[in-house]
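Let me begin by presenting the structure, written as structure tokens, before commenting on it.
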Amino acid sequence: MPFTVPKERWTAEVQTTTIGATEADGGTRTSTVTIGGDQSLPFLHFEGRTPYRPVIALEVLDEAPTQWPDALAEHYRDVWDDPAAWAQKAVDEFGADLICLRLVSADPQGTDASADDCAATITSVLEAVGVPLIIWGCGDDDKDNAIMPFCSQAAAGERVVLGAATEDNYKTICASALADGHLIINQSPLDINIQKQVSILVTDMGMSTDNIILYQTTGGLGYGVEYAYSIIERTRLAALGGDKMLQMPMLSIVGSEAWRVKEAWQSEEEAPEWGPLEKRGIIWEAATATFFLHAGSHLLVMWHPEAVNHVRQHIDELLAGQQT
Amino acid sequence: MALTAMDIYKNLPKTNCGECGVPTCLAFAMKLAQGQASLDQCPHVTEEAAAALAGSSAPPMKTVTIGTGDHALEIGGQTVLFRHEETFYHPCGVAIQVNTSLPEGEMTERIKTACEMEFDRVGMTFGLDLIALYDDDGRLPEVAAVAAEESSLPLMLMSDDPQAMRGALEVCAEGRPLICAATADNFEEMTSLAKEFECPLVIRGEGMEQLYELSEKAIEAGIEDLVLDSSAREPSAVLQDQTIIRRAAIKEKAEPFGFPTIGFVGGDDEVDKVISGCELIAKYPGIVVTDLITRDALLALVTARLNIYTDPQKPIQVESGAYEVGEPDASSPVLITTNFSLTYYTVEADASAGNLDAWIVVVDTEGTSVLTAWAAEDFTAETIAKTIKECGIEEKVEKKIAVLPGGVAVLSGDLEQESGWNVVVGPRESAGIPTFFKTEYEQRIADFN
């Protein structure tokens with residue numbers, strides 16, 4: 001019997017979503033990012049098209065990190081006191097497709113920055129770079145709800161992505177995004193049913209499906225990467241199978257998850273069995289990113305510029321096989 | 001061609017006796033169709049029906065053994081395309097490439113390094129699996145003799161020259177090495193070598209169609225242990241070919257593709273090679289060949305393999321009980337956590353990183369993390385108190401003070417009542433343990449004195 005290539009007949013494709021708005025669309029971005037639209041499992045060109053390449057956001061914190069290992073700090077130390085300069089470096093030198101700004105200063109356990117301060121930071125970053133933005137709160141629900149309307153307003157019309165709506169806390173962020181023309185991130189704790197539920201909740205509030213990015217939380221290599229891998233894979237399968245509430249493009253947090261793992265930063269003296277430290281963190285971040293790409297993620301939030309270069313090259317290689 | 005569940009059902013007794021472990025014959029037929037059950041689980045199936053179903057009830061992918069004894073490597077035997085559907089069986093073997101042109105000292109050093117390389121993770125030890133001798137100067141027979149002496153791991157012999165292969169097999173065939181590879185050009189010679197020496201054989205086709213034909217021919221020639229290589233080496237082509245072969249095997253039950261595959265790590269530097277290795281570990285080869293030899297890179301690959309091949313239905317667990325970190329004594333703190341291995345080993349590692357001497361009391365939560373177990377009511381004041389009573393910690397320490405994970409602070413009152421211990425709420429994240437003990441712990445327990 002001759003061999004025939006087994007192809008799946010998917011009934012749907014991943015939702016296509018554009019982040020950022022140029023002047024023509026009422027914003028000030030000089031470039032936008034479009035993701036999604038995949039017609040197959042990741043990079044299976046014999047089966048369907050991958051119309052848009054996965055993109056890489058570099059993360060910018062709005063105050064200097066205190067515990068970054070040297071391998072990472074050496075690339076950012078000169079700019080980390082100024083989020084605008086940091087963002088600029090990430091775009092100009094490291095080629096970020098977009099900036100993921102995390103408002104850690106708002107944390108009530110830390111600096112407890114005001115909504116005005118956060119909004120001012122956003123304005124400065126928007127002025128410093130032309131790429132689209134993802135804006136993430138500090139993780140404290142009450143505080144995030146207090147600052148998010150102001151942050152959203154500061155970026156009105158720019159089609160930024162606001163993070164994150166959860167099952168228990170979605171109304172403020174959703175209302176802000178609707179008012180100012182932004183997208184939101186739907187976050188769920190490695191649970192596809194909760195992910196779907198969040199999609200239902202925010203679309204019930206009037207959020208359109210092409211203004212949503214899915215985020216299933218993440219684990220670094222060796223620390224739960226397989227849970228995220230399988231949830232992302234299942235979500236892609238559900239999307240191709242026609243589940244409209246799971247059809248949006250997916251985001252994965254790579255940098256912070258990979259670098260908080262000891263394998264990424266512990267010295268060879270402390271852990272001789274792990275080998276030389278020099279490249280270990282970069283390897284850890286690149287490996288973590290690779291899994292999410294192959295599972296079906298569209299937007300990777302990364303930290304180390306060298307890991308970014310290697311992952312970008314891998315994306316090129318994966319897309320190289322596609323007929324144009 | 002794969003039979004559908006209905007085709008299979010027609011051949012079953014249709015008595016719904018349940019003796020196969022599935023309530024109805026139809027449900028059993030569905031499991032058979034998915035390769036998740038085997039026909040011999042049905043005690044009442046007739047011989048005729050068994051013959052009719054033989055093809056479809058055979059496992060969709062053969063398990064192939066390379067090497068002998070303690071270090072024998074089993075690969076293949078997969079039943080699904082996605083790990084969440086069931087699990088991936090037989091973690092892929094990592095083969096370390098050794099070129100025959102290396103100076104002998106360097107070569108034996110490399111083999112030794114690969115054989116001895118081990119990593120401890122989640123309470124288990126993981127190493128590498130094969131030494132792949134790549135014949136780049138025609139010295140394979142000579143080098144195979146040395147390697148067979150030096151290597152505790154099984155060998156893989158890489159040469160397209162049947163003469164060299166015969167020479168190598170003559171000195172190392174009893175270790176059941178993997179022959180790599182039979183191609184369209186050397187097919188007759190290589191397949192006869194595989195038969196003569198009873199060794200598993202890699203079939204390399206130029207593209208999928210040729211691979212399919214060669215594999216068919218090898219099966220006809222009576223060779224049972226095959227490993228497949230489509231010749232793809234670029235990441236995009238590799239991903240597609242690996243997927244097509246796996247899919248054809250699992251979903252179409254295409255016999256010539258019902259074998260494990262082999263993949264070759266590509267890339268220019270260490271980081272690229274790890275990326276390529278991770279792609280291969282995820283999708284889908286049974287053997288991943290690399291020339292990487294440094295611990296940092298191989299740690300990542302071995303960890304990646306452990307993650308992908310972890311059974312998603314059975315999280316790795318540690319036994320419930322009282323564990324030691326450092327050298328604890330009667331005055332050392334007692335940390336409470338769950339038996340999900342990732343949780344336990346993270347706590348253990350963070351406590352060690354903080355140079356603590358401490359006890360860790362592990363509660364059986366069926367392998368779930370602190371918050372998941374709490375939500376599922378497996379990590380409650382009652383289960384924790386019961387573990388404290390039963391694990392013997394009460395005889396080991398003078399002061400009854402337990403440190404509870406910050407995420408379940410709400411349990412502290414009930415736990416004090418249930419156990420009679422004093423409870424201190426620790427950090428939410430395990431990573432906060434060193435700082436917590438450096439700056440807060442003494443002060444917090446002062447009241448209990």
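The values are calculated or read from the model by the stated rules, or taken from the named source; none is laboratory data. Keep in mind that what you see is a predicted model, and the values were worked out from it rather than measured. Backbone-built Cβ (ideal geometry, glycine too); neighbour counts: all protein chains shown.
What the table shows:
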{"read-out": "Candidates A:Arg236, A:Arg312, filtered to the one that is out of contact with any His (no Cβ under 8 Å at 6 or more places or on another chain), farther than 30 Å from A:Thr203 by Cα, in a helix (DSSP H, G or I) and of a type in the set (Lys, Arg)", "value": "A:Arg312"}
{"read-out": "Within the range A:19-42, tally of residues that are under 19 Å from the mean Cα position of the chain (by Cα) and within 12 Å of chain B (Cβ to nearest Cβ)", "value": "1"}
{"read-out": "Set A:Gly281, A:Gly321: member being facing chain B (nearest Cβ under 9 Å), more than 19 Å from A:Ala164 (Cβ to Cβ) and crowded, with 18+ Cβ neighbours inside 10 Å", "value": "A:Gly321"}
{"read-out": "Residue that is farthest from A:Cys151 (Cα to Cα) [pool: residues in the range A:200-231 that are in contact with a strand residue (DSSP E or B) (Cβ under 6 Å, 6 or more places away or on another chain) and among the hydroxyl-bearing types (Ser, Thr, Tyr)]", "value": "A:Thr218"}
{"read-out": "Test: residue in the range B:280-287 that is over 30 Å from B:Ala5 (Cβ atoms), of a type outside the set (S, T, N, Q) and within 12 Å of another protein chain (Cβ to nearest Cβ)", "value": "yes"}
{"read-out": "Candidates B:Thr303, B:Thr294 - the one that is β-branched (Val, Ile, Thr), in the same structural domain as B:Gly127 (by TED's automatic domain parsing) and surrounded by fewer than 20 Cβ atoms within 10 Å (Cβ to Cβ)", "value": "B:Thr294"}
{"read-out": "Boolean, A:Tyr229 is facing chain B (nearest Cβ under 8 Å), part of a loop (DSSP other than H, G, I, E, B) and at negative phi", "value": "no"}
{"read-out": "Looking only at the range A:290-318, and only at residues there that are charged (D, E, K, R) and more than 9 Å from every other protein chain (Cβ to nearest Cβ), the one that is surrounded by the fewest Cβ atoms within 10 Å (Cβ to Cβ)", "value": "A:Asp316"}
{"read-out": "Residue check, A:Ala287 at the interface with chain B (Cβ under 8 Å from one of its Cβ atoms), in contact (Cβ under 8 Å) with a residue 24 or more places away in the chain, more than 26 Å from A:Thr18 (Cα to Cα) and in contact with a helix residue (DSSP H, G or I) (Cβ under 6 Å, 6 or more places away or on another chain)", "value": "yes"}
{"read-out": "Candidates B:Leu404, B:Leu371, B:Leu415, filtered to the one that is in contact with a strand residue (DSSP E or B) (Cβ under 6 Å, 6 or more places away or on another chain), closer than 23 Å to A:Val261 by Cα and not acidic (Asp, Glu)", "value": "B:Leu404"}
{"read-out": "Cβ-Cβ under 6 Å pairs, at least 6 apart or on other chains, the range B:255-274 side over 14 Å from B:Ala300 (Cα atoms), far side part of a helix (DSSP H, G or I) and of a type in the set (A, V, I, L, M, F, W, C)", "value": "B:Phe257/B:Ile245; B:Phe257/B:Ala248; B:Phe257/B:Ala249; B:Gly258/B:Ala249; B:Thr261/B:Ile245; B:Gly263/B:Leu280"}
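Let's see how each residue does on (1) in a helix (DSSP H, G or I); (2) modelled with pLDDT under 95; (3) polar (S, T, N, Q):
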{"residue": "B:Ile245", "(1), (2), (3)": "yes, no, no"}
{"residue": "B:Ala248", "(1), (2), (3)": "yes, no, no"}
{"residue": "B:Lys253", "(1), (2), (3)": "no, yes, no"}
{"residue": "B:Ile262", "(1), (2), (3)": "no, no, no"}
{"residue": "B:Gly266", "(1), (2), (3)": "no, no, no"}
{"residue": "B:Asp272", "(1), (2), (3)": "yes, no, no"}
{"residue": "B:Glu279", "(1), (2), (3)": "yes, no, no"}
